[in-house]
Amino acid sequence: MTMSEMMWAAQLVEPGKPLQVTRIPVPRPGPGELLLKLAVSGICHTDLHVLEGKAFPPGSPQPLTLGHEGIGEVVEAGPGTRTPLGARLGAPWLHDVCGRCRSCLTGWESFCADQRAHGFNANGSFAEYVIVQEGLAAVVPDAIASPLAAPLMCAGVTAYGGVLKAELAPGKLAVVIGCGGLGQYGIQVAKLTGATVVAVDTNPAKLKEAKALGAEECFIADGTTAEKIKALGGADAVLNFAPSNRIWPMVTGMVNNLGTIVSIAMVAEPVPLVLEWLTYNGVKITGTSVGTRQQMQDFLALATRHDFRINIETVPLKDINSAMHRLARGDVRGRLVIDFAA
């Protein structure tokens, strides 16, 4: 296959400043690595966190190519790999892990303290080509079109992992807070458990989307929301997809004794927690970090059997900064995906 020596990429050159779309050399795969020629790449809220940061992530290349939801074909294989050329794979959040710690050895590699992530401390998928580790790349089923598959690499599998942590079942009531793209996946996956799903957001348009996706009840987030949830029987599980700590009083006001609170959105600000409150209600507070390789495999298989309906809007790479501005404003109906052919 004839390979280009140069590629277009959107790179973080200075934290807090717009990405620079520029021509850089195509990387070459080393042992255990594959080179993907990308068709698409999803744009995630985590990309916005990195862009708006005050410094480069620890250990990252400088400049840094963002992105961690790429879908493409193998065009070059490094020594020791067995994946055939032309195979369609996904470049997920995880670039590599140590493979030796307790998290890795027990199948929870997404919690490896020494992990490197695409678009964070390894170059990512906002580029025409990206390097992936063969053992961590996701095999994308033929039944899922690339633009639909891209957000599944992070948003979809993260929502799936959060629902698993919530331990939902028929008869339970699950509250999804934050009904953007990530929360929309969460609503649909939670519905498959048989639980009753209630959606909460500050945006009426997003609640309209949530209702169309199967949420039985939808509430605007305000000072009365917890009381309304309690009137329905209270929340057995609360899944927070909203990137804000202001939801915490509402969460603690709606959750039932022995319920589960799952933190999914990246929220850096602290929340008040009274330990005595935990001792008398037995609430479990946990979080989820993207997904393991097994969760990714299971979720992609699930996505071939269920049509996860979410609005996908494609944009060209040259418009990446305007797309990031829209994401920051909350002006995205579902998920934005870079189309490298556009």
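The values are calculated or read from the model by the stated rules, or taken from the named source; none is laboratory data. Note that the structure is a prediction, hence the values are computed from the model and not measured. A quick note on method: Cβ atoms are made from the backbone with ideal geometry, for glycine too, and the neighbour counts reach across all protein chains shown. With ligands, DNA and RNA removed, areas are computed over all heavy atoms of the protein, side chains included. Shrake-Rupley method; radii C 1.70, N 1.55, O 1.52, S 1.80 Å.
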Write down the radius of gyration of region 241-284 and its Dmax, each obtained from C-alpha positions, in Å.
-> 10.6, 28
Could you check how much of the accessible area of the chain is carbon and sulfur, as a whole percent, using a 1.4 Å probe?
-> 54
Would you kindly calculate the translational diffusion coefficient of region 106-160, applying Stokes-Einstein with the Kirkwood radius from alpha carbon pairs, for 20 °C and a viscosity of 1.002 mPa s, and quote it in µm² s⁻¹ without decimals?
-> 165
Work out, step by step, the length gained on full extension between GLN20 and THR286: first 0.36 nm times the residue separation, then minus their alpha carbon distance; give nm to one decimal.
-> 92.1 nm
Per residue, how many Å² of accessible area does the chain show with a 1.4 Å probe?
-> 44
Cα-based convex hull volume of the chain per residue, rounded to whole Å³ | 134
Its Cα gyration tensor gives region 42-161 an equivalent ellipsoid whose semi-axes in whole Å, largest first, are 21, 18, 15
About its Cα centre, what dipole magnitude does region 1-59 give when the only charges are +1 on Lys and Arg Cβ and -1 on Asp and Glu Cβ, stated in debye to the nearest 20?
-> 80
Percent of Cα-Cα pairs per 5 Å bin, from 0 to the last occupied bin, for region 111-250, please list those.
-> 2, 9, 17, 19, 17, 12, 10, 8, 4, 1, 0
Work out how much length TRP108 to ALA328 would gain on full extension: take 0.36 nm times their residue separation and subtract the Cα-Cα distance, in nm to one decimal.
-> 76.1 nm
Rounded to whole Å and sorted largest first, list the principal axis extents of the Cα atoms in region 1-70.
-> 40, 24, 22
Please work out the Kirkwood hydrodynamic radius for region 197-324, using every pair of different C-alpha atoms, and report it in angstroms with one decimal place.
-> 17.0
Report, for the chain, the % of DSSP beta bridges that are antiparallel, rounded to 5.
-> 55
Given the chain, what count of lysine pairs have C-alpha atoms under 15 Å apart, with each pair 8 or more places apart or on different chains?
-> 6
Cβ-based charge dipole, region 204-342, positive-most Cα from GLY287, LEU327, ALA235 = LEU327
Rg/Rh over Cα atoms for region 287-342, Kirkwood Rh, comes to 1.07
Nearest-20 debye value, the chain charge dipole, Cβ charges on Lys, Arg, Asp, Glu | 220
Square roots of five times the Cα gyration tensor eigenvalues for region 1-40, Å | 24, 13, 10
